[in-house]
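First the structure, in the form of structure tokens, and then the observations on it.
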Ligand SMILES: *Cc1c(COP(=O)(O)O)cnc(C)c1O
């Protein structure tokens, strides 16, 4: 992480200090109230939790510091993504989406945007570099993509898309604002599933949208208030707590992932290996330029389904689950959801376990 990112992480830990009065709680309180004392409508402050809540304020203040931009909290990554898309799309317009990114975003576009008369174009992440964005109202980027870890050059693509009048939305879930800064690289909106590393403990779904265009953020906030896709104050509190350790966890997770990828290189149990921090990786140069770290996701391709499943079920330090970014190392054979990856492809999300025991468990599970 760069000095500015560390500065933001440090400020985030003390963001509540300026509001504390004598005797006030150091930890953010969970405010479970649907309504607020409202003798007058015009006097400001909270009035109804669909429009705002003090525990959301706490987590949004953290996210605003991390993103260096106003941020709005949502009850899941998909709630944030659908809000950002609904704020930007127009009937008769065109949206460009990655064909190899998070699949629920594609299903949302097919089932809910297309019927509204929005034309949806899918492109592999690799093809964004040379794509023609003429006529696109929204160019949606996900980088590195989940699960294959292909990268899109955000500054180059955002500049071309914005010159043609498109809004650029970036899904930054795989990196978090500490490792990649889409808004500084030219995006209009950043979206993320804080369900993953930001919350980090696998006990809550959450998401956020951030951006510096005030009119666009007002539309996102209106969408939240009118659709009613609002997070629970308790969930906001869990994410607030998770974010306080994000920098420490990410540091360990990325270091573990880098060490494990190095040790997996050329391993005879694998057909191929993907980790953005390996100089041999096809996207290494772009990753080194665009990101402040190489992340915690490793792509392991086994010869077939049986070899991949055997590895996952044998390793006592890999949770077999369909999420990532948590404190526990987890892994999943993604073809079981229909992602267009080889049958033996495993997305490994490296956790915070001490490296020695973790590597020993992985190495033992790889032996024939
Ligand atoms: C998990 C994920 C989402 C969706 O987040 P939820 O909190 O499950 O709704 C969106 N984008 C990416 C890249 C993800 O990995």
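The values are calculated or read from the model by the stated rules, or taken from the named source; none is laboratory data. This one's a predicted model, so the numbers in the text were calculated from it and none came from an experiment. Quick reminder, even Gly has a Cβ in these numbers, built from the backbone with ideal geometry, and neighbours come from all protein chains shown.
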### Task
Give the residue that is surrounded by the fewest Cβ atoms within 10 Å (Cβ to Cβ), with candidates limited to residues of the stretch 159-171 that are in contact (Cβ under 8 Å) with a residue 24 or more places away in the chain, more than 11 Å from the ligand (Cβ to nearest atom) and outside any loop (DSSP other than H, G, I, E, B).
159
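Results for (1) farther than 30 Å from residue 148 by Cα; (2) in contact (Cβ under 8 Å) with a residue 24 or more places away in the chain; (3) part of a loop (DSSP other than H, G, I, E, B), shown as yes or no for each residue.
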residue: 215; (1), (2), (3): yes, no, no
residue: 218; (1), (2), (3): yes, no, no
residue: 226; (1), (2), (3): yes, no, no
residue: 229; (1), (2), (3): no, yes, yes
residue: 257; (1), (2), (3): no, yes, no
residue: 261; (1), (2), (3): no, yes, no
residue: 267; (1), (2), (3): no, yes, yes
### Query
If only one of 69, 80 is modelled with pLDDT of 95 or more and within 21 Å of residue 237 (Cβ to Cβ), which one is it?
80
### Summary
Pairing a residue in the stretch 323-340 that is not assigned by TED's automatic domain parsing to the domain that holds residue 252 with any residue that is at pLDDT 95 or above, where Cβ atoms lie under 8 Å and the two sit 6 or more apart in sequence or on different chains, gives none
### Message
Out of 73, 58, I need the residue that is in contact with a helix residue (DSSP H, G or I) (Cβ under 6 Å, 6 or more places away or on another chain), within 16 Å of the ligand (Cβ to nearest atom) and assigned by TED's automatic domain parsing to the domain that holds residue 165. Which one?
### Response
73
### Message
Taking the condition of being touching a helix residue (DSSP H, G or I) at 6+ places or on another chain (Cβ under 9 Å) and surrounded by 14 or more Cβ atoms within 10 Å (Cβ to Cβ), how many residues in the stretch 327-341 meet it?
### Response
8
### Task
Name the residue, out of 168, 204, that is at negative phi, touching a strand residue (DSSP E or B) at 6+ places or on another chain (Cβ under 6 Å) and at pLDDT 95 or above.
168
## Note on the structure
Given (1) within 17 Å of the chain's Cα centre (by Cα); (2) within 16 Å of the ligand (Cβ to nearest atom); (3) at pLDDT 95 or above, residue 128 misses just (1)
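Test residue 53 against the criterion of being modelled with pLDDT of 95 or more, out of contact with any strand residue (DSSP E or B) (no Cβ under 6 Å at 6 or more places or on another chain) and under 27 Å from residue 322 (Cβ atoms), and give yes or no.
Details: modelled with pLDDT of 95 or more: yes; out of contact with any strand residue (DSSP E or B) (no Cβ under 6 Å at 6 or more places or on another chain): yes; under 27 Å from residue 322 (Cβ atoms): no.
When the stated conditions are applied, residue 53 does not pass them.
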### Message
Here are the criteria: (1) touching a strand residue (DSSP E or B) at 6+ places or on another chain (Cβ under 7 Å); (2) in contact (Cβ under 8 Å) with a residue 24 or more places away in the chain; (3) away from the ligand (no atom under 16 Å from the Cβ); (4) not in a loop (DSSP other than H, G, I, E, B). Tell me which single one residue 156 does not satisfy.
### Response
(1)
### residue 210 assigned by TED's automatic domain parsing to the domain that holds residue 71, modelled with pLDDT of 95 or more, away from the ligand (no atom under 12 Å from the Cβ) and not in a loop (DSSP other than H, G, I, E, B)
yes
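Go through the stretch 323-337 and give me each residue that's at pLDDT below 95 and within 11 Å of the ligand (Cβ to nearest atom). Lay out the reasoning, then the answer.
Residues of the stretch 323-337 that are at pLDDT below 95, as a first pass: 323, 334-337.
Once the filter is applied, which keeps residues that are at pLDDT below 95 and within 11 Å of the ligand (Cβ to nearest atom), the stretch 323-337 yields only 323.
Has the stretch 179-195 got any residue that is within 12 Å of the chain's Cα centre (by Cα) and more than 13 Å from the ligand (Cβ to nearest atom)? Give the derivation first.
The initial filter retains those residues of the stretch 179-195 that are within 12 Å of the chain's Cα centre (by Cα), namely 179-182, 190-195.
Filter once more, so that each one left must be more than 13 Å from the ligand (Cβ to nearest atom): 179, 181.
Looking through the stretch 179-195, at least one residue is within 12 Å of the chain's Cα centre (by Cα) and more than 13 Å from the ligand (Cβ to nearest atom).
Can you give me the number of residues within the stretch 295-310 that are free of Cβ contacts under 8 Å to residues at least 60 places away in the same chain, under 16 Å from residue 261 (Cα atoms) and either away from the ligand (no atom under 16 Å from the Cβ) or not in a strand (DSSP E or B) (or both)?
Taking the stretch 295-310 and keeping what is free of Cβ contacts under 8 Å to residues at least 60 places away in the same chain, we get 298, 300-310.
From the residues that got through so far, the ones that are under 16 Å from residue 261 (Cα atoms) too are 298, 300-302.
Subsequent filtering for residues that are either away from the ligand (no atom under 16 Å from the Cβ) or not in a strand (DSSP E or B) (or both) retains 300-302.
So the count comes out to 3.
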### Message
Pairs please, first residue from the stretch 181-202 and farther than 17 Å from residue 291 by Cβ and assigned by TED's automatic domain parsing to the domain that holds residue 62, second anywhere and near the ligand (Cβ under 10 Å from one of its atoms) and part of a loop (DSSP other than H, G, I, E, B), Cβ atoms under 6 Å, 6+ apart in sequence or on different chains.
### Response
193/173; 194/206; 195/205; 195/206; 199/206
### Task
Evaluate the stretch 102-125: report whether one residue or more is touching a strand residue (DSSP E or B) at 6+ places or on another chain (Cβ under 8 Å) and crowded, with 24+ Cβ neighbours inside 10 Å.
no
